[in-house]
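Q: Below you'll find the structure I mean.
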Amino acid sequence: MTTAEPLPAAPQAGTRLGRYTVERTADLPEMQGTLVLLRHENGARHAHVIRDDENSAFGVTFPTVPRDSTGVAHILEHLVLMGSQKYPVRDPFFAMIPRSLNTFMNAMTAADWTTYPFSTRNEKDYFNLLGVYLDATFFPLMRYESFRQDGHRFEFATPDDPTTELKLQGVVYNEMKGAMATPGSVLHRAFGKALYPDLTYANNSGGAPGDIPSLTHQDLKNFHAAHYHPSNAYFFTYGKLPLERILAVIEEHVMGHFTASELDVSIPDQPPFPAPRRETVTYPSSDVERGAQVAVGWKLGLSSDADANLRWSVLSDVLLGNPAAPLTRPLIDSGLGSALTDVSGYRDSYREGAFAAGLKGLPAGKADEVEALVLDTLRAIVHDGIDPELVASSLHQFELSQKEVSNARFPFALGVMFRLLGPWMSGGDPVSGLRLDAQMERLRADLSGNARLFEDLIQRELLDNPHRVTLELAPDPDLAARAEADEQALVKRLSAEFTDEDRARIVQESLRLKEVQAEPYDPSTLPTLALEDVPTSVPRVAYGKEDAGRGVVGRAAQPTGGLTYVDVQVKLPEVPADLLDTLPLYAFAVTRGGAANLDYLALARRIEAVTGGVSASVGLGTTPDDLNTLRLNVTFAGKALARNGDALVGVLRDIIAQPRFTAERLEQLLKQRLAGMKAGVVSQGHMYARRLAAAQVSPAGALGERFDGLTALNTLKGIVEGGGLDALLERLNRLRDLILQGTPALLVTATPDDVTLDVTPLTALFTGTAEPHHPVITPGARTPQARTTDSPVAFNAVAWQAVPYTHPDSPALMVLATLLRSEYLLKELREKGGAYGGFATYDPREGVFAMLSYRDPHVRRTYEIFRDARAFLNTDLGQRELTEAILSASTALDPLTSPDTIGRMRFYGDLAGYTPDVLETYKARLLATTHDDLRRVMDEWLTPERAAYALVAGRDPNEDTRELGLTFDVQGI
Ligand SMILES: [Zn+2]
């Protein structure tokens, strides 16, 4: 993060930079940055954040305010990514992914804006991507064929036969049909419409299936011309690249081609309701017992008011932030539903904010009961008063999240963009989103002046506010059939007047679309990085290391923004067979139960008051040069503000040494986990199939299947349905004792001042004498495995055990996986086979190579494609394909780090033998991979004799696969 070069200086307000004027600069002390706000002569707005971060970012955002539900903004987002004037290739965004070392590339459509962001650590890559993004957004081709492919079109069931059934097709059309069948998205859209019936939020910005067909190609182009104009654009740039150079590129590429324009994208106030309303909306489901949700929602004040925004964010966290929170707990304890509704909490994404509370997992017809429960609970909270400690805990959470500098889940740079955009686009002060300290000060002052500030807020803006909606989302078992009939009626109505000529035109346009789709793919007009641009060295981060009893303590001094991170990795002694399968349940339950003298509610409150969260996980790995030597550990981790470092150590100590498991809480937790895993079978079926295949060839794969696979799901189901809770409690307590016999490796990551944190309360817990043990696991027999479930599609997998990390063939296997995925499987399985996805993966630390398909209509055909992968390597693959595969693989080896993760990567990497030298040797071999290497490693390791097969599907596949010589062992899930 720190470099010898000084950061570029911020220009003064009033400075002219070409046709831009600097309107304002502002220090951002919390993130050690400077904000520069500029305006172009044509009205374009630009915010630049100067900050010492190697990850530079860009985003251009357009307010897009649809006036109907034709999905125009969403379909436009799709078309923007489908070729532009300078880059007239089919999919420039997808084509750029393997030609770049980007750390983020995406496009997103919200209810009233559309944004196109990216980030990268490489300067050349930054300007490559900048050119592609600017050309795509301001000069998209928006071809008629693209509109038909991704928007909507008529097509005959047999495209060249006008006597067959006429159908509506289109990527967005089908995408929205899917979205309107999902309870969460139906509820979100209905919520906006119910609270703001007169505003743009009443429209379905994604597109309502019944309205999409009325959008014309010309409407779409008009919408682009009006909205994707510099005068309506908000540019964001971030990092330490020179601002003048970035502005010059934007000026030359974009600004010179436009004159100022006026477009009114303002959203008025929603006229207030004189009295509360009641609405019901349905979605297709037969789950009438538990499929309903009820949300009680209110319209609040303008979300551009920074102080009001913070007040509501804090209050929402106080009321709903954890299982013990005063609004959450009575809702859940009522037993009416199983969890909070999907629209719970405060949201500032509408021009006037909203707050909602309610339940899901309900039978239909519970709106009265939930409404009364929410209102009564709020009245009781106002009457009894809010515990000031809850408010202090919440303020503490805000302080912590505002100080944290992390790329762990999402690039920090783009987090800065989203914090800035909210107030900026709604006409508030853009600085307010980035300088919470001043607002926090004011809130603390307000609170000390009025101890009932939040109670008054609940009374005034919720209980006395008639702009309230009670919204019920109800399952309707007949809706799917009705939607189907509606679609047929729509097709009939729209085609009623069709002449033979029209029908001939539809055939012709279908054939034309097929032609365009079959055009050879040539990304050569797009810019690219070369292999020389890939960094060959691995960052060598300094850390201290000291012995502590039987363990070791590492200390990594990092610019963490005042946060302290503690990791406690415990290498396990020999784990008895009956406890091995319980380990993942232990990790899931141990931080969610109680500890020491605290029950689970008190522990949840304690965690919220002094930490930024704690977690436990099971780690399973191999050694760099042997796939049969398994390493097994449990890691407890947490973060806190540095002033709470000792309290964090105390919480971790209690959780590790004195966890409290009760039958009642355990039953709740196991049901939650089972519901999550069951939902995963159809959303992550390819991963379940992969584990089931890997379990037949690899020791790590076999244990992974018992930990996270369908075997684990069955074990869990057995406990939940068959009792066995007492035996489980006994095993959990034995595991606690076993873990305390383990060998700890602790890491403290903090600023140089705080990194000396005393962790002896943790190291002193481990007094055992048992040595770390390498579990000996034998993979199952190699028999093709099929698991059947309620699914119209299949998830197919084939897996091989290949080589350990330090084997010279490992890097080529990684390149082979990226090449097969992008050049072969995507085309054969997705484009031709109609599967939603096709992948090849190689995890070099597990040594397992796999080919997978996702939501696949085929089984036999897909296994034929897998089998023919070797023949594909003999086709004329060029240097482009190889270079792109190597670039993609090297990105995976070099993830974006941040102060919270870099020390952890190095310390635990070194302990496990993945030292910088080992990683650099790997990288050098990867960059030198040749076509011959790919063929050689495939012949050596990925042969039919060594393959293992598994799939998840709706039915027995054996009739279909018999002629392939594959006979699956079939079991129901
Ligand atoms: Zn989409």
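Q: At what distance in nm do the modelled label points of residue 259 and residue 202 sit from each other, each positioned 7 Å from its Cα along Cα→Cβ?
A: Between residue 259 and residue 202, the label points sit 3.7 nm apart.
Q: Next question, about the same structure. Using C-alpha positions alone, give me the convex hull volume of the chain per residue in cubic angstrom. Present the calculation step by step, with values, prior to reporting the outcome.
A: Working: hull volume 172.2 nm³, N = 973.
Looking at the chain, the number lands at 177 Å³ per residue.
Q: On to the next question. Highest first, please rank the peptides 664-672, 101-109 by the mean number of other Cβ atoms sitting within 10 Å of their residues.
A: Going by the mean number of other Cβ atoms within 10 Å, highest first, we get 101-109, 664-672.
Q: Taking the Cα atoms of the stretch 708-841 alone, what are Rg (to one decimal) and Dmax (as a whole number) in Å?
A: So, for the stretch 708-841, Rg and Dmax equal 23.1, 61 Å respectively.
Q: Here's another thing I want to ask about it. Which whole-Hz couplings ³J(HN,Hα) result when phi for each residue of the stretch 708-716 is put into the Karplus expression 6.51 cos²θ - 1.76 cosθ + 1.60, θ = phi - 60°, listed in order with x for Gly and Pro?
A: 3J(HN,Hα) across the stretch 708-716, in whole Hz: 10, x, 5, 4, 5, 4, 5, 4, 5.
Q: For the stretch 596-639 and the stretch 105-143, what is the separation of their Cα centres, given in Å?
A: 38
Q: Any idea how far the Cα center of the stretch 14-36 sits from the one of the stretch 520-590, in Å?
A: What the calculation gives is 37 Å, centre to centre.
Q: Here's something else I'd like to know. With only Lys, Arg, Asp and Glu charged, each at its Cβ (+1 for the first two, -1 for the last two), find how big the charge dipole of the chain is about the Cα centre; round to the nearest 20 debye.
A: Working: 95 positive and 126 negative charges, 125 e Å.
Computed about the Cα centre, the dipole is about 600 debye.
Q: Now, a different point. Have a look at the DSSP beta bridges in the chain and tell me what percent are antiparallel, nearest 5.
A: So the antiparallel bridges amount to about 80 percent of the total.
Q: To continue, here is another question. Among 403-414, 118-129, what's the highest-first ranking by average C-beta atoms within 10 angstrom per residue?
A: Order by mean packing, descending: 118-129, 403-414.
Q: Right, next: Efficiency by 1/(1 + (r/R0)^6): what FRET value for residue 231 and residue 720, r their Cβ-Cβ distance, R0 = 56 Å, to the nearest 0.05?
A: For residue 231 and residue 720, the calculated efficiency is 0.45.
Q: Under 17 Å between alpha carbons, and skipping anything fewer than 8 positions from residue 923 in its own chain: which aspartates and glutamates qualify?
A: Hits, sequence-local ones excluded: 532, 533, 625, 809, 843, 884, 894, 910, 933.
Q: Just name one of 233, 869, 216: the one whose Cα is farthest towards the positive end of the charge dipole of the chain (beta-carbon charges, Lys/Arg +1, Asp/Glu -1).
A: The listed residue farthest towards the positive side: 869.
Q: Grab the other residues whose beta carbon is less than 10 angstrom from that of residue 836, score K and R as +1, D and E as -1, and report the net.
A: Numbers: positive: 830, 855; negative: 856.
That works out to +1.
Q: Rounded, prolate or oblate: which fits the stretch 871-973 when a ≥ b ≥ c are the square roots of the eigenvalues of the alpha-carbon gyration tensor, with rounded for a/c under 1.5 and prolate only if a/b beats b/c?
A: oblate
Q: Related question: Below 14 Å, Cα to Cα, which aspartates and glutamates can residue 671 reach? Residues fewer than 8 away in the same chain don't count.
A: Reachable aspartates and glutamates: 721.
Q: Moving on. Okay, helix-only estimate at 222 nm for the chain: each DSSP H run of n ≥ 4 adds -39500 (n - 2.57), divide by all residues, round to 500 deg cm²/dmol; what do you get?
A: -12000 deg cm²/dmol
Q: In whole Å, how far is the Cα centre of the stretch 748-784 from that of the stretch 347-423?
A: 35
Q: Taking a ≥ b ≥ c as the square roots of the eigenvalues of the Cα gyration tensor of the stretch 395-466, is the shape rounded (a/c under 1.5), prolate (a/b larger than b/c) or oblate?
A: Taking the square roots of the gyration eigenvalues as a ≥ b ≥ c, the stretch 395-466 is prolate.
Q: Mind ranking 298-309, 246-257 by how tightly packed they are, going by the mean number of other C-beta atoms within 10 angstrom, highest first?
A: Numbers: 298-309: 19.2, 246-257: 16.5.
By packing density, highest mean first, the sequence is 298-309, 246-257.
Q: Related question: Neighbour counts of other C-beta atoms within 10 Å: give me 763, 470 arranged from fewest to most.
A: On the way: 763 20, 470 23.
Exposure proxy ranking, most exposed first: 763, 470.
Q: Where in the stretch 923-940 does the amide nitrogen come within less than 13 Å of the point 7 Å from the Cα of residue 827, taken along Cα to Cβ?
A: none
Q: Set the bar at 21 Å for Cα to Cα. Now go through 177/514; 360/678; 514/832; 124/403; 193/678 and name every pair that lies beyond it. Please list the in-between numbers first.
A: Values: 177/514 23 Å; 360/678 17 Å; 514/832 11 Å; 124/403 31 Å; 193/678 32 Å.
From the list (177/514; 360/678; 514/832; 124/403; 193/678), the Cα-Cα distance tops 21 Å for 177/514; 124/403; 193/678.
Q: What list do you get for 643, 631 if you sort them by fewest beta carbons within 10 Å?
A: On the way: 643 12, 631 19.
Fewest-to-most Cβ neighbours within 10 Å comes out as 643, 631.
Q: Now for a different question. Can you give the extra length, in nm with one decimal, that the chain gains between residue 525 and residue 845 once fully stretched, where that is 0.36 nm per residue apart less the Cα-Cα distance?
A: Net length gain for the segment: 111.5 nm.
Q: Is the shape of the stretch 918-969 best called rounded, prolate or oblate, per the rule: a/c under 1.5 gives rounded, else a/b larger than b/c gives prolate, else oblate, with a ≥ b ≥ c the square roots of the Cα gyration tensor eigenvalues?
A: prolate
Q: A follow-up question, please. Label point 7 Å out from residue 672 along Cα-to-Cβ: which residues of the stretch 335-366 have amide N under 18 Å?
A: Answer for this model: 335-345, 358-362.
Q: Continuing with this model, one more query. Suppose each label sits 7 Å from its Cα in the direction of the beta carbon; what would the residue 410-residue 85 distance come out to in nanometres?
A: Rounded to a tenth, the inter-label distance reads 3.4 nm.
Q: Using a Förster distance of 51 angstrom, determine the FRET efficiency expected from the C-beta separation of residue 493 and residue 24, and round it to 0.05.
A: Numbers: r = 55 Å, r/R0 = 1.07.
Calculated value: 0.40.
Q: Between residue 597 and residue 380, what's the calculated FRET efficiency when r is the beta-carbon distance and R0 is 30 Å? Round to 0.05.
A: 0.60
Laboratory data are not the source of any read-out in this text; all were calculated from the coordinates shown. Predicted model only: the values in this text are computed from it and were never measured. Every residue, glycine among them, receives a Cβ derived from its backbone with ideal geometry; neighbour counts consider all protein chains shown.
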